[in-house]
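Some notes on the structure that comes next.
The values are calculated or read from the model by the stated rules, or taken from the named source; none is laboratory data. Source: prediction; values computed, not measured. A quick note on method: Cβ atoms are made from the backbone with ideal geometry, for glycine too, and the neighbour counts reach across all protein chains shown.
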Amino acid sequence: MNDLHFNTPIAQHIWDTKYRHYERGVALDACIEDTWQRIAKALAAQETDREHWQARFYDILRDFKFLPGGRIQAGAGTVHQVTLFNCFVMGTIADSMDGIFDALKEGALTMQQGGGVGYDFSTLRPRGVPAAGVGSVASGPVSFMRIWDSMCATILSTGARRGAMMGTLRCDHPDIEEFIAAKQDRSQLRHFNVSVLVSDALMTAVSHDEDWPLVFPANKSETGSELLMRAWAGCDDPVPCKVYKRIRARTLWQKIMQANYDYAEPGVLFIDRINRLNNLYYCETIQATNPCGEVPLPPFGACNLGSINLTQFVCDPFTPQARLDLDAIGATAAIAVRLLDNVIDASHFPLDSQAGQAQRSRRIGLGLTGLADALIMLQIHYGSSEAEKIAQQVMQHICHAAYQASIDLAREKGVFLMFDKEKYLAGVFVRTLPESIRRGIAQYGIRNSHLTAIAPAGTISLLANNVSSGLEPVFDSDYTRRILKRDGCYADYAVNDYAAALWRKDHASDDLPPAFVTAHELTPAEHLRMQAAIQPYVDQAISKTINVPASYDFAAFRDLYRQAYDLGLKGCTTFRPNAVTGEILHKPDAEHAAPHCCGLEREPD
């Protein structure tokens, strides 16, 4: 290795293949510091005092203190016509052949520029329904998802970056059972993550063991059918929906849980809670998320993400005096908000509708990574109540610093276009903010509608010398990671955990730090509690995998999702080793299993 900022070959490989600026095969970034300067200069170009802000941006980028989303690192300051936004939720799919293929084209153009995409397929009529005027019957949303899957494979069939997609379906759509079972075949929808939009009404029906109607908007010829009024994607007001059949709510819930237990999908999104807690509840409705689930978005909404690397803020690691510099974390968060806000104005967009949505809301998603390693360096066990308290304290500092920074930006540059002071301040999440921040919003407004999200941060955490990713625990001290190369082939890299490696530098043996704990040594409940601990300070959502042992009892597994709902989470994703999806991470010399759909090369960072 010829760059002193990299401690491991995999980190340099990630930089070289994903984030280093190449032009016609020539590397223009000689070292990672050139990459940091390139990003800082490009985003400071949106400022009046460019030199001042370039220096400030470079300072938080240096030594991986702040890790912008991968599209920012790869594209900012280059001549490539690419988006700096990691992911998009696409527009509502019109229930017609023209509408379907227009949406497919928009998705292809977005993925071509490097953006992952999310779609709600609930607007497509169920399988077997007559298609008016053509003498045929509808094939249903799952069949059309396969077309998207093929498009993704085709558009992104070369290079070191693969496409990522999210597909959602309402829990009351007549094809929900087919959707739940769609990925039990390991050859189907491999470019999709899929999630069920679970309503509060379904959770109540499950609790009370009630029947559950499966419905779809009725056409004029179905007036004699049993009809229920429902709010539906693409409709401004509730519409009459035909009841296709009724099933037991617990039967449907059981199918969702069994699918998760058997092959790790579909995930669950508590969609009513997502909309209730949305800061823009007054002007938009959300039906889908980005591919990893941490940013619920309206049609044509976009992800603008970045993570503060907590390992760089631990003072005196592995000593009795070890502590987190919370003031420095807050100061970094404030500068990061400005950097991410400038991304909105510096970025290209595949579609004008995406540019318009980003400009009107100015959403950003500031989060954290390296939490588990930071806890190890602080000598705190990840699964402990003390760890939950530290994580919550850190996220509170990030959240409040971010909101204050956005108020200051609004005072300097103006508010986001959809800002309505009274309605915004009445939002459920905004009402939980400190009174000083609420007074600031009332007086000056706010620059960004949303400010916090916890991304998986897998690739950028490897770039930062393999700090633990996002909110996740450490996978292991030493393991093998399978990485996609530029030529489309895979290579296996030995990976050493950041905290473990730092400990070993100062200790003669290979012993691990006293607080070292892996994801598989924690109980699923400990995973879940950590996610719940920081949710109050995340105005969007959290990408977190609840690791479940293969031997875990199904009844206990099923209860995890009820716990997630009761704890106030916006969604839940579990992973239990299984024959369909396998794992992309494995210990040295372990037999390689089939990669999971959320593998490293599919993460949109």
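Residues in the stretch 538-561 that are crowded, with 22+ Cβ neighbours inside 10 Å and part of a helix (DSSP H, G or I): Y561 only.
Scanning the stretch 210-265 for residues that are aromatic (F, W, Y) and touching a strand residue (DSSP E or B) at 6+ places or on another chain (Cβ under 7 Å) yields a count of 4.
Filter the stretch 214-259 for residues that are in contact with a Ser or Thr (Cβ under 6 Å, 6 or more places away or on another chain) and at negative phi; which is surrounded by the fewest Cβ atoms within 10 Å (Cβ to Cβ)? So the residue we want is A233.
Among the helices (runs of 4 or more DSSP H) confined wholly to the stretch 16-90, which include 2 or more residues that are surrounded by fewer than 24 Cβ atoms within 10 Å (Cβ to Cβ)?
Values: elements: 32-44, 50-61, 70-75.
Per the criteria, 32-44, 50-61.
Would you be able to say whether some residue in the stretch 528-537 is out of contact with any Asp or Glu (no Cβ under 7 Å at 6 or more places or on another chain), closer than 24 Å to D262 by Cβ and modelled with pLDDT of 95 or more? Yes: one or more hits.
Looking across I398, I390, one residue alone is surrounded by 24 or more Cβ atoms within 10 Å (Cβ to Cβ) and closer than 19 Å to D327 by Cα. It is I398.
Specify which of the listed residues (I308, I344) is touching a helix residue (DSSP H, G or I) at 6+ places or on another chain (Cβ under 6 Å), within 16 Å of A453 (Cα to Cα) and of a type in the set (V, I, T). If you could, list the steps in order and put the result at the bottom.
Numbers: I344 fails: within 16 Å of A453 (Cα to Cα).
Just one listed residue meets the conditions, I308.
Test V194 against the criterion of being in contact with a Cys (Cβ under 6 Å, 6 or more places away or on another chain), surrounded by 15 or more Cβ atoms within 10 Å (Cβ to Cβ) and within 27 Å of V89 (Cβ to Cβ), and give yes or no. When the stated conditions are applied, V194 does not pass them. Here V337 fulfils each of the conditions (1) assigned to a loop (DSSP other than H, G, I, E, B); (2) closer than 19 Å to S406 by Cβ apart from (1). Any residue at all in the stretch 478-486 that's within 21 Å of S307 (Cβ to Cβ) and either surrounded by fewer than 24 Cβ atoms within 10 Å (Cβ to Cβ) or without any contact (Cβ under 8 Å) to a residue 40 or more places away in the chain (or both)? Within the stretch 478-486, one or more residues are within 21 Å of S307 (Cβ to Cβ) and either surrounded by fewer than 24 Cβ atoms within 10 Å (Cβ to Cβ) or without any contact (Cβ under 8 Å) to a residue 40 or more places away in the chain (or both). Being among the aromatic types (F, W, Y) and touching a strand residue (DSSP E or B) at 6+ places or on another chain (Cβ under 8 Å) is a description that applies to F313.
Just to be sure, is L368 crowded, with 21+ Cβ neighbours inside 10 Å and not charged (D, E, K, R)? Spelling it out, L368 is indeed crowded, with 21+ Cβ neighbours inside 10 Å and not charged (D, E, K, R).
For the stretch 456-504, the tally of residues that are part of a helix (DSSP H, G or I) and modelled with pLDDT under 90 stands at 0. Annotation note: of T168, T154, T110, the sole residue that is crowded, with 21+ Cβ neighbours inside 10 Å, outside any loop (DSSP other than H, G, I, E, B), at pLDDT below 95 and of a type in the set (S, T, Y) is T110.
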